[in-house]
Structures are given as C-alpha cells and as structure tokens.
Amino acid sequence: MENHQKSFTGIKVIAFDADDTLWVNEPYFQETEQKFCALMEDYLPHHTVSQELFKTEMQNLSLYGYGVKGFMLCMIETILRVSENTASLQTIHKVIEYGQELLNKPIELLDGVEEVLKSLKGKYKLVVATKGDLLDQERKLNKSGLAHYFHHIEIMSDKQEKDYKKLLKHLDCQPEEFLMIGNSLKSDIMPVIALGGHGVHIPYHTTWAHEKIDHQVEDLRFHQFETIMEILPKMMI
C-alpha cells in the first residue's frame with residue numbers, strides 16, 4: 001500500500017473510462033452479435049459470421065468511429081456482403097431493431113462505482129474520458145445518475161496520445177498529476193503512461209478484441225486492481 005500511496009502523491013485529476021468501467025457495455029454488444037450470427041446462419045457458420053463482422057468493423061473504424069450506430073452499419077454491410085446482396089429487407093430491418101434495442105438498454109452501474117465517486121469527489125477533480133458516439137454516451141451518462149460527480153466530460157472520437165494531450169491541455173493538468181482508470185489497456189492505460197501519466201487498469205470479464213494487447217505493461221506508474229473499490233485505500237483521502 002505504501003508504494004501505491006507514494007506513486008499517487010501529486011495526483012490532481014482522476015479520469016474514468018465509462019463503458020465497462022462505470023457501467024456494463026460490452027456484454028450487450030456481445031449479446032447482440034450472437035443474435036446477429038444466428039440471423040445469418042443460413043449463409044455462414046456462426047463463428048465465420050462473427051469473423052466477417054469484426055473484419056467489417058475494422059475496415060470502417062476510421063469512418064464510423066466507435067458506438068452503436070457504427071455497429072449497426074457494419075452489421076448491415078456484413079449482411080450485404082455475406083448474402084451477396086440477396087438478403088431480404090426484413091433481415092435488414094431486424095438488424096436496425098437490434099441496434100435500437102442496444103441504444104435503449106438500461107444503465108447498470110458496476111459494483112462500487114458510486115461509492116468510489118462519492119469518496120473522491122471534492123478531494124480530486126473527477127473527469128469522464130470515454131470514446132464513442134456523442135449522443136449515445138451523453139444519454140448513458142444522463143441515465144446513469146452519475147453526471148453530478150464530474151467536473152468535466154470528454155467524449156473522444158478515439159483515445160490515443162494526441163487525444164489525451166488535448167484533454168490535459170484543456171484541464172490545465174500536467175501528465176504526472178493525471179490518473180486514468182479504465183478496463184482497456186490499449187485505450188485507457190498505454191497512451192496515458194506514454195505521456196507520463198498514471199494508469200489503473202481494472203480488467204472486465206468481457207473485452208472487445210480490438211481493445212486487447214498481447215504484452216505485459218511494466219511501468220512504475222501502472223497499477224492493476226481487481227475492483228474499482230481497491231483504489232480508495234491507495235488515495236490521499
């Protein structure tokens with residue numbers, strides 16, 4: 001604990017990823033993908049449909065960005081390609097329904113989130129730093145009931161070093177004063193560590209393949225906890 005406390009000395013801003021850090025997200029996408037694969041089983045085996053969908057998502061990421069709407073478009077494009085443009089309009093309509101169901105999912109806060117925010121509010125400047133569709137992320141934040149805990153909300157099109165630099169400049173915060181908490185090593189932790197900030201990785205039981213990395217992170221400013229509650233004893237509160 002002492003080592004953690006020394007490393008967190010000087011932190012002024014704590015940023016939280018949203019999806020699968022504050023609330024449930026990826027399981028809903030995986031559930032929808034399962035339904036999509038079942039819908040397309042007349043054309044290809046389940047696993048192959050999943051691979052084709054992921055390929056479409058990766059090809060379109062720079063165009064559509066992250067979020068439900070881009071996911072819907074990728075499902076429709078995959079249908080057209082896999083079926084060689086023979087799929088029915090009813091199939092397309094079904095995918096639109098899947099997307100709308102995703103957009104209307106209830107917000108399920110992860111264990112300990114609100115207790116952590118209550119404990120840290122007033123001692124640190126709290127920020128949401130997430131990526132995805134602007135309207136969808138704003139909707140989720142409003143439905144979560146957590147918005148009042150945060151000094152600033154940053155919804156990014158991506159989460160790379162340049163995006164965090166922009167955020168730090170806006171917050172008038174030095175990298176060593178910044179702590180990022182999230183479930184994705186690739187998006188939440190690695191860019192912040194590279195800039196000289198601190199990162200706390202809290203793994204989630206499901207992670208999108210695009211967010212996974214295949215190497216260990218070894219840095220004194222990197223920490224990994226099993227639950228978000230584990231951060232409280234390490235902070236200066």
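The values are calculated or read from the model by the stated rules, or taken from the named source; none is laboratory data. Values in this document were obtained by computation on a predicted structure and should not be read as measured data. Glycine gets a Cβ as well: all are built from the backbone with ideal geometry, and neighbour counts include every protein chain shown.
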Just give me the residues in the stretch 205-237 being at pLDDT 65 or above and not in a loop (DSSP other than H, G, I, E, B), in sequence order.
F222, H223, Q224, I228, M229, E230, I231, L232, P233, K234
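Please specify each residue of the stretch 136-174 satisfying the condition of being acidic (D, E) and part of a loop (DSSP other than H, G, I, E, B).
Applying the first criterion (acidic (D, E)) to the stretch 136-174 yields 136, 138, 154, 158, 161, 163, 172.
Matches in the stretch 136-174: D158, D172.
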Can you pull out the residues in the stretch 176-203 that are crowded, with 23+ Cβ neighbours inside 10 Å, touching a strand residue (DSSP E or B) at 6+ places or on another chain (Cβ under 6 Å) and not in a helix (DSSP H, G or I)?
F178, L179, M180, I181, G197, H198, G199, V200
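Can M180 be described as modelled with pLDDT of 95 or more and of a type in the set (A, V, I, L, M, F, W, C)?
Values: modelled with pLDDT of 95 or more: yes; of a type in the set (A, V, I, L, M, F, W, C): yes.
Taking the combined requirement at face value, the residue satisfies it.
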Those residues of the stretch 1-48 that are among the hydrophobic types (A, V, I, L, M, F, W, C) and modelled with pLDDT under 90 come to a total of 2
Take the conditions without any contact (Cβ under 8 Å) to a residue 24 or more places away in the chain, polar (S, T, N, Q) and over 25 Å from F54 (Cα atoms) and apply them to Q174. Does it pass?
yes
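Within the group I96, I107, which residue is among the hydrophobic types (A, V, I, L, M, F, W, C) and touching a Ser or Thr at 6+ places or on another chain (Cβ under 7 Å)?
Working: I96 fails: touching a Ser or Thr at 6+ places or on another chain (Cβ under 7 Å).
The unique qualifying residue is I107.
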Output the residues belonging to the stretch 8-23 that are closer than 27 Å to I107 by Cβ and part of a loop (DSSP other than H, G, I, E, B).
D17, A18, D20, T21, L22
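Conditions tested, residue by residue: (1) touching a helix residue (DSSP H, G or I) at 6+ places or on another chain (Cβ under 8 Å); (2) of a type in the set (S, T, N, Q).
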| residue | (1), (2) |
| --- | --- |
| K12 | yes, no |
| T48 | no, yes |
| F54 | yes, no |
| A87 | yes, no |
| T91 | yes, yes |
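What do you reckon, is S50 touching a Cys at 6+ places or on another chain (Cβ under 6 Å), outside the structural domain of H148 (by TED's automatic domain parsing) and among the hydroxyl-bearing types (S, T, Y)? Full working, then the answer.
Numbers: touching a Cys at 6+ places or on another chain (Cβ under 6 Å): yes; outside the structural domain of H148 (by TED's automatic domain parsing): yes; among the hydroxyl-bearing types (S, T, Y): yes.
Yes, satisfied.
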Determine, yes or no, whether P27 is surrounded by fewer than 17 Cβ atoms within 10 Å (Cβ to Cβ) and more than 25 Å from L141 (Cβ to Cβ).
no
